[in-house]
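Colleague: My structure is below; once you've seen it, I'll send some questions.
The numbers here are math on the coordinates, done by the rules we state, and not lab data. Computed from a predicted model, the values in this text were never measured in an experiment. All Cβ positions, glycine included, derive from the backbone under ideal geometry; neighbour counts span all protein chains shown.
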Amino acid sequence: MKKILLLLASLTFANHSQAELSLSNAEVLGFDSQRLERIAPHMQGYIDSGKLAGTLTFIAKDGKVAYLKAQGMRDKENGIPMTEDTIFRIYSMTKPITAVAALTLWEQGKFNMHEPISKYLPEFNNMQVYVSGEGENMVTKPASKQIKIKDLFMHTAGLSYGFNPTPLDALYREKLYSLRDADADTFIKALAALPLAHEPGAKWTYGFSTDVVGRLVEVISGMSLGDYMQKHIFAPLDMQDTGFYVRKENHGRFSEVYTANEQGQTILTTEEPLGDYLTDPKVHSGGGGLTSTVKDYFKFAQMLLNKGELNGVRILSRKTVEYMSSDQLAPHQKPFDANVPGEGFGLAMSVTTDPARMDFLSSKGNYGWGGMASTYFRIDPQENLIMIAMAQFIPMGFHPYHDDFRNLVYQALD
């Protein structure tokens, strides 16, 4: 045993309604404690340089917390420090939760993956595919096939987000970004009226697909997406601080969110893409609408790592989680991103298929996703490991602290 031992808080859950705090030795869990100590000063470098206001980094192994460190500020302007119970906008880390909600219905036989989404949302029945041009001169053609429900889980439907500098994405921005205060039915119908970026199933394109999955949950269940998640995921897993808005009594724990100005300096974001999250929105965005804490997301991730169960509460079957976390992309759809050639894609999450082709340390079969405001998680079944990194800076990847964190976690494994 090394002379310097890192004693860290470990959350163990006696049941699904109450968390107990105990101490766990990181070295007993298989970490070199001196190497773990490299994480904090590296994160502090991002803070001291003014790139990030604050970070919250977390590692769990074998179901126990090996590392948990809050650094910097959640509200820099008012001098409010980052804390372990800070509430974050998790944006696209919503996607795996939406997928799990839908998969609970799939397990009940409420829909099949090969079915067209138009069976449940008829507005998607006669889709057009973008060919060329822009504005009034835009040329489209009828899609040769329907969007399958599985295409939505995999982002192979052809729906875009409007993020790219293309005429089609400009149309998405024009028609959809002003609908923030519309109801879910209005938004989905406006989305279905837009052309697809390509034929369904032709390739991977990041877009509003998981929002459609969320709407599918609402149509089949007869409940709002938030209410369905509360009943079937959040309450069973005791995720007390996760939802589509932050309750008034918790506003003081809600982090500010930052971005960069034209000079690259970190400043407060003046207009958030999905609103302020302080009141219940009309649209529960299955693709990016949730807020959460590290503690809550750990419970969700541990449920997945446990193959669908946590503390005696089963959310999904073992085989469903294996299916969700397996690479689903066909050869013609790879790589889904030219920057990650060793990465495939499952249902609403990326999956490492070839660690040797990655640009950072990894294990085959590890999976997870990130959020637009620089939130990040990975689950590694080989190492029985969960890593979560939270910050609030838009866009994700502008400051690659999460890539550094991932390397720092793996290099500390003893």
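Colleague: Under the rule of at least 5 residues apart or a separate chain, name every residue whose amide H is placed under 5 Å from the amide H of residue 129.
Modeller: 141, 143, 196
Colleague: Follow-up. If I take R0 = 22 Å and measure r between the Cβ atoms of residue 322 and residue 235 in this structure, what FRET efficiency does the formula 1/(1 + (r/R0)^6) give, to the nearest 0.05?
Modeller: 0.30
Colleague: Provide the three semi-axes, in whole Å and in decreasing order, of the ellipsoid equivalent to region 209-284 as defined by the square roots of 5 times the Cα gyration tensor eigenvalues.
Modeller: Computed over region 209-284, the values are 29, 17, 10 Å.
Colleague: Let me ask another. Just to be sure I understand the model, the point goes 7 Å from the Cα along the line to the Cβ. What's the resulting residue 190 to residue 62 distance in nm?
Modeller: My value for the distance between the label points is 5.2 nm.
Colleague: With the crude spin-label approximation of a point 7 Å out along Cα→Cβ, what separation in nm comes out for residue 48 versus residue 361?
Modeller: 2.2 nm
Colleague: What span do the alpha-carbon atoms of region 203-348 cover on each of the three principal axes, reported in whole Å from largest to smallest?
Modeller: Per principal axis, max minus min of the Cα coordinates gives 42, 40, 29 Å.
Colleague: Quick check: the angle from helix 167-176's long axis to the longest principal axis of the chain, C-alpha only, nearest 10 degrees?
Modeller: The two axes meet at around 80 degrees.
Colleague: Which one of 248, 364, 295 has the biggest mean-square fluctuation once the chain is modelled by GNM with Cα springs under 10 Å?
Modeller: Ranking 248, 364, 295 by mean-square fluctuation puts 248 first.
Colleague: Scan around residue 67 for amide H atoms under 5 Å from its own, H built in the peptide plane at 1.01 Å from N, and keep only partners 5 or more places away or cross-chain.
Modeller: For residue 67, the qualifying residues are 59.
Colleague: What angle do you read, to the nearest 10 degrees and between 0 and 90, between the alpha-carbon axis of helix 401-411 and the longest principal axis of the chain?
Modeller: Computed tilt is about 50 degrees.
Colleague: Per the Kirkwood formula on distinct C-alpha pairs, the Rh of region 113-218 is how many angstrom?
Modeller: 13.6 Å
Colleague: Going toward the positive end of the dipole of the chain, with +1 on Lys and Arg Cβ and -1 on Asp and Glu Cβ, which of 395, 324, 270 do you reach last?
Modeller: Farthest towards the positive pole: 324.
Colleague: Need one number: convex hull volume per residue for the chain, Cα atoms only, in Å³.
Modeller: Hull volume over Cα atoms, normalised by residue count, gives 141 Å³.
Colleague: Using Cα pairs closer than 8 Å and at least 6 residues apart in sequence, work out the relative contact order for the chain, in percent.
Modeller: With pairs under 8 Å counted, the relative contact order is 21 percent.
Colleague: For the chain, what does -39500 (n - 2.57) per DSSP helix run (n ≥ 4), summed and divided by total residues, give at 222 nm, in deg cm²/dmol to the nearest 500?
Modeller: Calculated at 222 nm, the ellipticity per residue is -7000 deg cm²/dmol.
Colleague: Helix 294-305 versus the longest principal axis of the chain: what angle, 0 to 90°, nearest 10, using Cα atoms?
Modeller: 70 degrees
Colleague: Treat region 321-392 as a sphere of radius equal to its Kirkwood radius over Cα pairs and apply Stokes-Einstein at 10 °C in a medium of 1.306 mPa s; give the translational diffusion coefficient in µm²/s, rounded to a whole number.
Modeller: Here the translational diffusion coefficient equals 127 µm²/s.
Colleague: Would you mind computing the Rg to Rh ratio of region 270-403 from its alpha-carbon coordinates, Kirkwood style for Rh?
Modeller: We get a ratio of 0.97 for region 270-403.
Colleague: Which order do the peptides 376-384, 216-224, 96-104 come out in when sorted by mean C-beta neighbours inside 10 angstrom, highest first?
Modeller: The most tightly packed comes first, giving 96-104, 376-384, 216-224.
Colleague: Can you give me the distance in nm between label points at residue 145 and residue 37, each placed 7 Å from the Cα along the Cα-to-Cβ direction?
Modeller: Inter-label distance under the simple model: 5.7 nm.
Colleague: Still on this structure, I have one more. By count of other Cβ within 10 Å, fewest leading, how are 402, 42, 251 ordered?
Modeller: Ordered from fewest to most neighbouring Cβ atoms within 10 Å, 402, 42, 251 come out as 251, 42, 402.
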